[in-house]
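Notes for the one structure printed next.
The values are calculated or read from the model by the stated rules, or taken from the named source; none is laboratory data. Because the structure is predicted, anything quoted here is derived from the model rather than measured. Every residue, glycine as well, gets a Cβ built from its backbone with ideal geometry; the counts of neighbours run over all protein chains shown. Side chains included, ligands, DNA and RNA excluded: accessible areas come from the protein's heavy atoms. Shrake-Rupley method; radii C 1.70, N 1.55, O 1.52, S 1.80 Å.
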Amino acid sequence: MGVNVAIVGATGMVGRTFLKVMEDRNFPVDKLYLFASSKSAGQKITFRGNEYIVEELTEESFKRDIQIALFSAGATISKQFAPIAASHGIVVIDNSSAWRMDENVPLVVPEVNPQDISWHKGIIANPNCSTIQMVVPLKPLHDKYKIKRIVVSTYQAVSGAGKKGVDDLERSLRGEPCQVFPHPIANNCIPHIDSFAPNGYTKEELKMINETKKIMGDSSIKVSPTTVRVPVANSHSESVNVEFARPYEMEELIEVLKHAPGVVVQDDPQNNIYPLATYATGKDEVFVGRIRRDETVYSGLNMWIVADNIRKGAATNAVQIAELLIKNM
């Protein structure tokens with residue numbers, strides 16, 4: 001038995017990847033409804049060999065037999081339409097920032113806090129892409145060694161800004177002015193993702209701070225992020241420094257990571273084996289390498305974490321949440 005699924009933002013980069021991931025994972029779809037803006041309505045999208053016509057999203061769109069709706073159309077659309085969908089008994093899995101820090105909405109990474117799905121009230125939030133890939137390997141380490149502090153620097157691909165971000169990189173490589181990023185992204189690293197808050201952090205950095213604490217279920221964890229846009233098409237990379245409250249043995253810690261759900265350890269630097277954005281692209285796992293002790297603090301650790309930001313950082317995580325919902329139906 002399949003479920004009836006709606007995709008909101010079906011013509012966008014994440015919306016189309018929802019469909020690709022559902023195909024790859026044999027997600028049980030019975031009826032499929034595709035929604036987007038009036039500008040995109042009428043487009044045709046193929047899913048499992050069948051052609052679907054994209055409809056304009058309206059307040060009437062959810063008056064149908066739909067069980068799950070995957071949203072990726074921005075926070076403004078989610079704020080307006082997610083409650084309407086939920087009022088019709090549909091469970092919304094929202095990829096925007098609209099509901100992430102709402103205390104009545106679970107913020108879920110299936111490998112980390114699947115139990116939080118149980119208390120949803122019709123809306124489940126999908127975390128920020130850079131947060132998702134960091135907490136997947138950190139959660140089992142937190143359970144065993146208790147994380148006190150995280151210092152993370154991200155190297156985020158232009159696809160994190162959607163198709164327009166990818167287009168901006170191509171434009172910049174041709175020597176043309178950028179339309180999305182504040183400076184030319186070609187041959188550059190821009191330490192500026194989203195707008196700046198009064199304390200000097202960007203909204204992207206504040207997301208990592210607040211979402212990590214909510215997902216991990218521990219407000220005592222200190223998080224110090226710097227998020228950087230780099231001229232890479234896809235897949236985010238992160239340099240993560242962790243300080244634990246308890247001591248660890250390196251062999252044991254690596255075994256913990258090797259057995260962590262959704263984690264692939266690639267850690268043989270002598271043979272040039274470590275996670276790369278080019279390798280992670282198109283895959284659903286989180287790749288971890290350059291694992292080494294930070295000898296400047298008690299029980300410190302450095303890691304390099306890479307994942308496909310459009311798949312695991314967005315679409316795959318949402319589909320995994322939907323899979324958990326189906327198991328509980």
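Things to note:
- Heavy-atom accessible surface of HIS183, to the nearest 10 Å², is about 100 Å², with a 1.4 Å probe and all protein chains retained.
- Counting only DSSP beta bridges whose two residues both lie in segment 126-232, roughly 20 percent are antiparallel.
- The three principal axes of the C-alpha atoms in segment 99-238 carry coordinate ranges of 49, 33, 29 Å, sorted with the longest axis first.
- Cross-link partners of LYS39 among aspartates and glutamates, defined as those whose alpha carbon lies under 18 angstrom from its own and excluding same-chain residues fewer than eight positions apart: GLU55, GLU56, GLU59, GLU60.
- Counting only protein chain heavy atoms and rolling a 1.4 Å probe, the accessible areas of GLU285, GLU238, GLU51 rank, largest first, as GLU51, GLU285, GLU238.
- Among beta bridges identified by DSSP and lying wholly in segment 1-62, the antiparallel ones come to about 35 percent.
- Dipole magnitude of segment 23-175, debye to nearest 20 (Cβ charges: Lys/Arg +1, Asp/Glu -1, about Cα centre): 540
- Most to least accessible of GLU211, GLU23, GLU295, GLU111 (protein chains only, probe 1.4 Å): GLU295, GLU23, GLU111, GLU211
- Cα gyration tensor shape for segment 181-329, rounded if a/c is under 1.5, else prolate or oblate: rounded
- 5 angstrom amide H check on TYR52, placed H, neighbours 5+ away: ILE45, THR46, PHE47
- Once backbone amide H atoms are built at 1.01 Å from N, ARG229 has GLN156, ILE190, HIS192 as its partners under 5 Å, excluding neighbours fewer than 5 places away on the same chain.
- Solvent-accessible area of LYS213 with every protein chain in place, 1.4 Å probe, in Å² to the nearest 10: 60
- Accessible-area order (highest first, 1.4 angstrom probe) of the listed residues PHE47, PHE196: PHE196, PHE47
- Extension gain, GLU252 to THR296: 0.36 nm times the residue separation minus the Cα-Cα distance gives 13.8 nm.
- Relative to one another, the C-alpha centroids of segment 259-285 and segment 105-174 are positioned 17 Å apart.
- Basic side chains Lys and Arg get +1 at the Cβ, acidic Asp and Glu get -1 at the Cβ, and with that the dipole of segment 277-329 about its Cα centre reaches some 40 debye.
- Segment 100-149: trypsin sites (Lys or Arg not before Pro) falling in loop per DSSP and having at most 16 other Cβ within 10 Å: LYS121, LYS146
- Over 14 Å [Cα-Cα, segment 29-104], rounded percent: 63
- Amide H to amide H, with H built 1.01 Å from N, ILE123 comes under 5 Å of VAL92, counting only residues 5 or more places away or on other chains.
- Antiparallel bridge percentage (DSSP; both residues within the chain; nearest 5): 50
- In the chain, Cα pairs under 8 Å separated by at least six residues give a relative contact order of 18 percent.
- Of THR316, THR131, THR296, the one that fluctuates the most in a GNM where the chain has Cα springs shorter than 10 Å: THR296
- C-alpha center-to-center spacing [segment 59-103, segment 306-329] in angstrom: 16
- Per principal axis, descending, Cα span of segment 8-158 in whole Å: 52, 31, 28
- Using equal-weight Cα scatterers in the Debye expression, the normalised intensity of segment 7-54 in log10 at q = 0.13, 0.28, 0.30 Å⁻¹ is -0.26, -1.15, -1.28.
- Dipole of segment 30-186, positive end: most advanced residue of ILE84, ALA36, ALA157 [Cβ charges, Cα centre]: ALA157
- Residue pairs, from the table LYS44/LYS203; LYS203/LYS327; LYS163/LYS214; LYS121/LYS214; LYS139/LYS164; LYS121/LYS327, whose Cα atoms sit over 27 Å apart: LYS44/LYS203; LYS203/LYS327; LYS163/LYS214; LYS139/LYS164
- Of the two radii for segment 284-329, the radius of gyration is 1.25 times the Kirkwood radius, both from the alpha carbons; that is the Rg over Rh value.
- Percent accessible area from carbon and sulfur atoms, segment 145-290, protein chains only, probe 1.4 Å: 51
- Tensor-based shape of segment 204-263 (alpha-carbon gyration tensor, a/c under 1.5 rounded, otherwise prolate or oblate): oblate
- Dipole orientation for segment 243-291: of the candidates ALA280, ALA245, LEU257, ALA280 has the Cα lying most toward the positive pole (charges on Cβ; Lys, Arg +1; Asp, Glu -1).
- Per residue solvent-accessible surface (Å²) - the chain, probe of 1.4 Å: 44
- GNM top mover of VAL297, VAL256, VAL306 - the chain, alpha-carbon springs below 10 Å: VAL297
- In the context of the full protein assembly, ARG290 retains an accessible surface of approximately 100 Å², using a probe radius of 1.4 Å and ignoring ligands and nucleic acids.
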